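First the structure, in the form of structure tokens, and then the observations on it.
The values are calculated or read from the model by the stated rules, or taken from the named source; none is laboratory data. Quick caveat, the model's predicted, so the values are computed rather than measured. Positions of Cβ are generated from backbone atoms using ideal geometry, with glycine treated the same way; all protein chains shown enter the neighbour counts.
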Amino acid sequence: MRFDRFDTLVVGSGLAGLTFALKASAFGRVCVLTKAEITDNNTNWAQGGIAAAVGESDDWHLHEEDTLVAGAGLCDPAAVRFLVQRAPEAIDWLRGLGARFDLELGREGGHSRNRIVHHADRTGWEVERAVSEAVRRDPNITVLENAFVTRLLRHGGRVVGLAAHLGDAGLRGYLARAVLLATGGCGKLYSHTTNPRVATADGIGLASGVGAEIRDMEFMQFHPTTLSHPQRSGFLITEAVRGAGGTLRNHRGRRFMYDYDDRLELAPRDVVARAIESELKRLETWCVYLDTTHLSPERLRHEFPTIWDALRGLGIEMEKDWVPIVPAQHYSCGGVVTDLEARTSVPGLYASGEVARTGVHGANRLASNSLLEAIVFSTSAAEAVAREQEPVVEEAALDLSPPHCPLEGETIPIRHTLQRTMGGGLGVFRTTAGMEAARTKVAELTAHFDSLPGAEFSAYSREAHNLLVAAKYVVEGALARRENVGLHFNADLPDPAAAGPAPRA
Ligand SMILES: Cc1cc2nc3c(=O)[nH]c(=O)nc-3n(C[C@H](O)[C@H](O)[C@H](O)COP(=O)(O)OP(=O)(O)OC[C@H]3O[C@@H](n4cnc5c(N)ncnc54)[C@H](O)[C@@H]3O)c2cc1C
């Protein structure tokens, strides 16, 4: 096995990975490995925008307070302050790379001010465009597409590199001073998710493989308003539509948020998602509706062009029709534990973006704080990595055995059963019996996966392994949590009122 050497290695080409690459390239050669094409990531799909206290009546103290309130007492206050203080600088940096933002700031649930910097309803696409173009221009950055990272390489107690499967070139080894995990989320644990196909918890599988600390995975965020339509399941209708005045109605036309929370449609996501689920259960219906028929068609078309066009393609006219919606898995607040410089508990390994648990989200992420988190912590990671020493590595001592990959066809039912299990036991509402049943099922599926004969490398099959690892963290975290807080709601715990809405009437 031949090893390629770089100063730093990055796993993933979303905003966290590419920000880090651009910052770290000032200190040495960077290699970004990404398992599909460069723009296959969650970042590209982000609609709403990036939170930053840049408005006239705003300041970072208010952004800090809103973030802490959403996090329901479980945020790390130092991490939150670190994040919000650096937000204006992060926006300036993106502008400097050529990212274009609208003049008006948007408003989203949980924010006490208009502070969402955005590019219509395709902010992620615009940001990813700007950073990926800058990466392509940077001679110090190599990007390897279709490079699936299978394992982190350890030597003398630290991570010194990684192994990746590169299409026809097969398994290759890479060494560096440090590795940054920027693998994004784990939406594919659920069948109903806003996340694209690449969100398969690979970072959790990789970090767990080297014993890095992982926590808070039970805080799974469900976005309240995703389209309920067979052709576009999980398509997000950004919170900014509610910020612009969109209201929620049940099939009888009642604006039901009046029955749940004084903040109505702009209550934090967990509150709105639970209110919707309660309505679905109470009325035994499949969906509720987002009503924008009272808003001006010009405004809707101008501010939400992506949503406008997608809905029109399905025969839904926002200015005339109520949009059928349901909650869907959206974001993982937990992940690989990191400090303010994105260091994990394993020397040489850093993590940033959705895969990381920086402490800024606590029990619930405030809308539009995750793109910001990716920029802020990847920036501090790059500065920290510049101080890492080149490790002395005996190449012969590194474990480069191929990962266990059963035949792809054998893992299809495993992935489907896992999604059903997670949706049933670890959704918006949970019960102790439901979570225990999920624990048993995840253990059975894992044992079955491990017992299958190994076959040729398959990314799909390896993703099944990573999803099973992540599922265990979600289930164990949820069962261990003895209070209802933020995104975790166990209906069997004694004081359900403490966890949020129960219909008032
Ligand atoms: C529909 C939608 C709308 C959203 N809207 C907003 C918003 O308005 N504001 C906001 O702040 N957040 C929003 N979010 C959340 C936000 O987009 C994500 O949390 C953020 O983009 C994560 O960035 P990331 O760089 O950590 O991961 P990603 O952008 O997901 O990138 C992960 C990368 O890792 C690669 N990868 C994964 N595993 C491997 C492997 N084994 N080997 C090699 N490469 C691998 C992937 O291919 C991908 O390139 C939204 C998310 C979605 C899905």
- Of the residues that make up segment 412-431, is at least one within 28 Å of Ala164 (Cβ to Cβ), touching a Phe, Trp or Tyr at 6+ places or on another chain (Cβ under 9 Å), part of a helix (DSSP H, G or I) and within 16 Å of the ligand (Cβ to nearest atom)? yes
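Yes/no per residue for (1) within 8 Å of the ligand (Cβ to nearest atom); (2) crowded, with 20+ Cβ neighbours inside 10 Å; (3) in the same structural domain as Glu126 (by TED's automatic domain parsing):
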position: Leu22; (1), (2), (3): no, yes, yes
position: Thr34; (1), (2), (3): yes, yes, yes
position: Gln47; (1), (2), (3): yes, yes, yes
position: Ala51; (1), (2), (3): yes, yes, yes
position: Ser57; (1), (2), (3): no, no, yes
position: Leu62; (1), (2), (3): no, no, yes
position: Ala72; (1), (2), (3): no, yes, yes
- Task: Could you tell me which numbered condition Asp399 fails, if it satisfies all but one of (1) surrounded by 15 or more Cβ atoms within 10 Å (Cβ to Cβ); (2) acidic (Asp, Glu); (3) at pLDDT below 95?
- Result: (1)
- Among the listed residues Glu145, Glu126, which satisfies the condition of being within 12 Å of the ligand (Cβ to nearest atom), under 20 Å from the mean Cα position of the chain (by Cα) and of a type in the set (D, E, K, R)? Glu126
- Scanning for something crowded, with 22+ Cβ neighbours inside 10 Å, touching a Cys at 6+ places or on another chain (Cβ under 6 Å) and closer than 24 Å to Thr34 by Cα, does segment 448-462 turn up at least one residue? yes
- Message: When you scan segment 34-43, do you find a residue that is in a helix (DSSP H, G or I) and farther than 21 Å from Ala244 by Cβ, even just one?
- Response: yes
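So if I check each of Ala438, Ala447, Ala470, Ala478, which one is part of a helix (DSSP H, G or I), among the aliphatic types (A, V, I, L, M) and free of Cβ contacts under 8 Å to residues at least 24 places away in the same chain?
Exactly one residue qualifies, and that residue is Ala447.
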- Query: Among the numbered criteria (1) assigned to a loop (DSSP other than H, G, I, E, B); (2) farther than 19 Å from Tyr190 by Cα; (3) in contact (Cβ under 8 Å) with a residue 40 or more places away in the chain, which single criterion is violated by Glu373?
  - Reply: (1)
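So, Leu162, is that one among the hydrophobic types (A, V, I, L, M, F, W, C), over 21 Å from the mean Cα position of the chain (by Cα) and either more than 20 Å from Gly353 (Cβ to Cβ) or away from the ligand (no atom under 15 Å from the Cβ) (or both) or not?
So Leu162 fails the test.
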- Mind listing just one residue for me: the one in segment 7-20 that is more than 6 Å from the ligand (Cβ to nearest atom) and not in a strand (DSSP E or B) and, of those, farthest from Leu97 (Cα to Cα)? Asp7
- Go through Val143, Val127 for me and flag whichever is of a type in the set (A, V, I, L, M, F, W, C), buried (at least 23 other Cβ atoms within 10 Å of the Cβ) and under 28 Å from Leu236 (Cβ atoms). Val127
- Query: Of the residues that make up segment 86-99, is at least one assigned by TED's automatic domain parsing to the domain that holds Ala169, surrounded by fewer than 22 Cβ atoms within 10 Å (Cβ to Cβ), in contact (Cβ under 8 Å) with a residue 24 or more places away in the chain and away from the ligand (no atom under 16 Å from the Cβ)?
  - Reply: yes
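So that you can scan it fast, the table gives a plain yes or no per residue for (1) within 13 Å of the ligand (Cβ to nearest atom); (2) farther than 24 Å from Gly110 by Cα; (3) in contact with a strand residue (DSSP E or B) (Cβ under 7 Å, 6 or more places away or on another chain):
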position	(1), (2), (3)
Leu166	yes, yes, yes
Leu181	yes, yes, yes
Gly184	yes, no, no
Gly209	yes, yes, yes
Arg254	no, no, no
Val271	no, no, no
- Query: Checking Arg387 against (1) farther than 22 Å from Ala164 by Cβ; (2) touching a residue at least 12 places away in the same chain (Cβ under 8 Å), which test does it fail?
  - Reply: (2)
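If you scan segment 284-336, which residues turn out to be charged (D, E, K, R) and in a loop (DSSP other than H, G, I, E, B)? Before the answer, list the steps.
Step one: filter segment 284-336 for residues charged (D, E, K, R), giving 284, 291, 298-299, 301, 303, 309, 312, 317, 319-321.
Glu284, Glu317, Glu319, Lys320, Asp321, listed by residue number.
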- Task: Find the helices (runs of 4 or more DSSP H) located wholly in segment 57-111 whose residues include 1 or more that are within 29 Å of Thr247 (Cα to Cα) and hydroxyl-bearing (Ser, Thr, Tyr), and list them.
- Result: 60-70
- With the checklist (1) assigned by TED's automatic domain parsing to the domain that holds Thr344; (2) more than 24 Å from Val346 (Cα to Cα); (3) out of contact with any helix residue (DSSP H, G or I) (no Cβ under 6 Å at 6 or more places or on another chain) in hand, flag the one item Glu213 doesn't pass. (2)
- Message: So if I check each of Arg232, Arg282, Arg263, which one is surrounded by fewer than 24 Cβ atoms within 10 Å (Cβ to Cβ) and either modelled with pLDDT of 95 or more or among the aromatic types (Phe, Trp, Tyr) (or both)?
- Response: Arg282
